[in-house]
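> Have a look at this one.
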Number of protein chains: 2
Amino acid sequence: MSFEVLQDKIRKLKNPTVAGLDPKLEYIPPHILKESFAAHGETPAGAADAVLTFNRGLMDALAGVVPAVKPQAAYYERLGWQGMAALEQTIRYAREKGFYVIADIKRGDIGSTAQAYAEAWLGRVDIGGAEYAPFDADCVTINAYMGSDTVEPFLKECRERGKSLFVLVKTSNPSSGEIQDLLAGDRLVYRAMGDLTQRLGKGTEDKYGFTCAGAVVGATYPSDLRELRRRLEHTFFLVPGYGAQGGTAEDVQHAFDRYGHGAVINASRSIMCAWKKTEKDGLDYQDAARAAAEAMRDDIKRFVTIV
Amino acid sequence: MSFEVLQDKIRKLKNPTVAGLDPKLEYIPPHILKESFAAHGETPAGAADAVLTFNRGLMDALAGVVPAVKPQAAYYERLGWQGMAALEQTIRYAREKGFYVIADIKRGDIGSTAQAYAEAWLGRVDIGGAEYAPFDADCVTINAYMGSDTVEPFLKECRERGKSLFVLVKTSNPSSGEIQDLLAGDRLVYRAMGDLTQRLGKGTEDKYGFTCAGAVVGATYPSDLRELRRRLEHTFFLVPGYGAQGGTAEDVQHAFDRYGHGAVINASRSIMCAWKKTEKDGLDYQDAARAAAEAMRDDIKRFVTIV
C-alpha cells in the first residue's frame, strides 16, 4: 500500500534518500555523449540515447544503496518526444532494478484532464480493449493550487493501484514564500495546503500510519519542516533542497518521525555530477555516484536512526 | 510582441476565442479511429495517429474562423511518447495554418528545471551546436504556486522570442476556492497571484498595453472576472469555463476592456464534439466544428464589440 513500499525499501537499505535523475546534457560524461552521438547523430535522438545510457549506468551503480529514483520530467520534455521515450524506458528500467519511482512532474489540472494525467503517470489507458501503462511510475508530484479537484483523480489511481503522490506544500526555493507564506486567517497558505493534503489522504493510512497523499517540504526552511512534521503526522514528506540548495543533514532530520520514518530526502546534482570532482573525465561516473550516495546516506544517518 | 500577435489575429477574425484540442479518444469520429487502427494497430501509435488526423481535420475546418488553438498536454501524455510526438506535429501544423498556439501545460518548477520547461515549450535547445525547438508553442500556461522563481525563466523566453504565458490566477473549477480564495491580509490569494503576475510582466507592454504575462481567470466566477479586469489592466486573460462548465457569453464579457481587447475565451468539448449532435456518425465533424465555433463567436459578439 502506498508509501509502505517505499518505507520498506528505505528500512532494508537503511537509507532514506532518493536519487534525482535530472539529466542535463552537461551532466553526462563525455564518452557516453560521444558514443550516442556517433550512433544517432548530434540530434534529439542522440541526446535521448545518451540520457538513457547515463541513467541506466547510474541505476546499475546505485542499486542496493539507494531505494528510490526521481526522474524530473522537464529534462526529458526538453528533448521532445524522443526525450519522453527515454523517460518511459528509464522508469521501466528503474522498476526492473527494484527502485521506487517518483515521477517529478508537478502536474495539476481538473476533472477529466487531471484524470488523463493520473492515467498517464500512475494508471492504465484503455485502447481498443487492451490496457497500456504509459509511464507507470509508483508516485508523482502534483501542484494543487486548483484545490482538491486536482488531487482526487490522482488519489483514485493511488487507491486502486497502491500508488502514491506528493502535493507541493512548502518548496525549497527562495521565492516560495511569495504565495506559500501568505497569512490566511490563522494559517499560512502552505499550512492550508498541508492540511488539505492530509485531509484528502485520510483513510489510506498504511502500516506505518502514512496516507498515500504525501507532501513536498523543502530542506531549506528547517523550522517549517519541523512544524509541519508535528502538524501532519500521517503525511509522508519528500524533501528537496539537501546539498546544492543549502539544506544540511542537521536540517532534514526534522522531516522524520521518532522512528526515523515518514520522509525521503532528495539529491540530484551531487550524485549525477560526482564524477566531475575526480578528474577522470567521467569514466568513473558509476563509482563516483555510488560513493556520493553512500556519503549522503552516512551524513543523514548521523542525525536519523531508522527503526 | 507577446499577446499583440494574438490580439491582431482576434481583431482580423472578429473572434476572441480559442479552440481547445483535448483529444479524448471518445471525441474522435469512428471513421478516423477505424482507419488509424487499421494502419497502426489498436495501440498507442494507432491512437496517436487518430489524434493527429482529427486535430488536422479540425484545424482545416477552423482556419479563418478561430484565431487560436489550445492543445491540452494531458491527453497527449496519456498516449505516452507517441502522444507527445502527435502533440509536436499538432503544434507544427497549427502554426503552419496561422493559428496562435497556447500549449496548456500548467507546468511549474524552479531554477534550471523551470528553464528546461521553458526551453522545451517556448524556446530552443542546443545539441552539439545546432538548435532544436522541441514543442515550439507561442504561449504556455503555468502554475506559479512556487512563486516568481517559476515565472522568470518562462518570461526570459517570452522576452527574447516575442512569446507569452498565462499564470493560473483564478480557475474555473468548483474547488478553486480552497486555496485561491483564502483571505491573506487584505487580499485573496488569487488576487495576490494576479498582482504578482502583472508585476513580473511589467515593462513588456505591447501596443495594446498588455504584458507578455497573462492570467487564467475562469468564466464561472463572473464577479471575480470583472474585479480582476479592473485590477489588472495590463494583463491579458485566458478564460476557461464557457459552455460545458456553465459560463455564458454574458459572464465572459467582463473579461474584456472597453475596446473589446485583452481576453480570449476557450471552448473545447462544444467544438470537438459538435458532430455528436448531428447524428451523422462524425462524417460531418468538420462542418459541425466550424458551425459550433461560429455560433460561439456570434454568441460572444452579442456582448463584446472588438475595436
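Just so it is clear, none of the values below were taken in a lab; they were calculated from the coordinates. In this text the structure is predicted, and so the values were computed from the model without any measurement. Backbone-built Cβ (ideal geometry, glycine too); neighbour counts: all protein chains shown.
> Starting from the Cα gyration tensor of the range A:34-187, multiply each eigenvalue by 5, take the square root, and state the resulting semi-axes largest first in whole Å. Mind showing how you got there, number by number?
Values: eigenvalues 174, 82, 51 Å².
That gives 29, 20, 16 Å for the three semi-axes.
> Nearest 500 deg cm²/dmol is fine: what mean residue ellipticity at 222 nm does chain B get from its DSSP H runs of n ≥ 4 alone, each adding -39,500 (n - 2.57), divided by its residue count?
-13500 deg cm²/dmol
> Now for a different question. Which cysteines in chain A lack any other cysteine whose Cβ sits under 4.7 Å from their own Cβ?
A:C139, A:C273
> Something else about it: How high is the relative contact order of the range A:1-112? Use alpha-carbon pairs under 8 Å, at least six apart in sequence, and give a whole percent.
Relative CO of the range A:1-112 lands at 30 percent.
> By counting other Cβ atoms within 10 Å of each Cβ, how are B:R191, A:R231 ranked from fewest to most?
Values: B:R191 21, A:R231 13.
Going from sparsest to densest Cβ surroundings: A:R231, B:R191.
> Sticking with this structure for a sec: What are the aspartates and glutamates whose alpha-carbon lies under 16 Å from the alpha-carbon of A:K97, with same-chain residues fewer than 8 places away excluded?
A:D8, A:D60, A:E88, A:D136, A:D138
> Another question about this same structure. Only bridges with both residues in chain B count here: give the DSSP antiparallel percent, nearest 5.
15
> Relative contact order for chain B: what is it in percent, counting Cα pairs under 8 Å that are at least 6 residues apart?
Reported as a whole number, the value is 19 percent.
> Give the lysines reachable from A:K202 as a straight Cα distance under 24 Å; neighbours fewer than 8 places away on the same chain don't count.
A:K9, A:K106, A:K156, A:K163, A:K170
> Restricting things to alpha carbons, tell me how big the range A:227-307 is in terms of Rg and Dmax, in Å.
Rg, Dmax (Cα atoms, Å): 14.5, 47.
> Ok, one more. What does the copy distance list look like for B:G57, label position 7 Å along Cα→Cβ, in nm and ordered from shortest?
B:G57 label point versus its equivalents elsewhere: 4.7 nm.
> What is the diffusion coefficient of the protein assembly as shown in µm²/s, taking the Kirkwood radius over Cα pairs and the Stokes-Einstein relation at 37 °C with a viscosity of 0.692 mPa s?
Values: Rh = 24.5 Å.
Result for D is 134 µm²/s.
> Can I ask one more? With a point put 7 Å past each Cα toward its Cβ, work out how far A:E250 is from B:K280 in nm, to one decimal.
7.5
> In bins 10 Å wide, starting from 0, what share of all Cα pairs of the range B:268-307 does each bin hold, as a percent?
Reading upward from the zero bin: 33, 42, 20, 6.
> Further, regarding this structure: Give me the mean projected area, in nm² to one decimal, of the convex hull enclosing the Cα positions of the range A:114-258. Numbers along the way, then the final one.
Values: hull surface 38.3 nm².
That works out to 9.6 nm², a quarter of the Cα hull's surface.
> Based on the Kirkwood radius over alpha-carbon pairs, what is the Stokes-Einstein translational diffusion coefficient of the range B:3-301 at 20 °C with 1.002 mPa s viscosity, in µm²/s? Each step should come with its number before you reach the end.
Values: Rh = 19.4 Å.
For the chosen part, D equals 110 µm²/s.
> At A:T305, label 7 Å along Cα→Cβ: distances to the other copies, nm, ascending?
Distances between equivalent label points, in nm: 7.9.
> Give me a comma-separated list of calculated 3J(HN,Hα) values for the range A:223-228, in order, Karplus coefficients 6.51, -1.76, 1.60 applied at θ = phi - 60°, integers in Hz, x for any Gly or Pro.
Karplus-based 3J(HN,Hα) across the range A:223-228 equals 6, 5, 4, 5, 5, 5 Hz.
> Also: Under 19 Å between alpha carbons, and skipping anything fewer than 8 positions from A:K280 in its own chain: which lysines qualify?
The reachable lysines, counting only those whose Cα sits under 19 Å from A:K280, are A:K34.
> Shortest first, in nm, what separates the label point of B:K12 from those of the same position in the other copies (7 Å along Cα→Cβ)?
6.0
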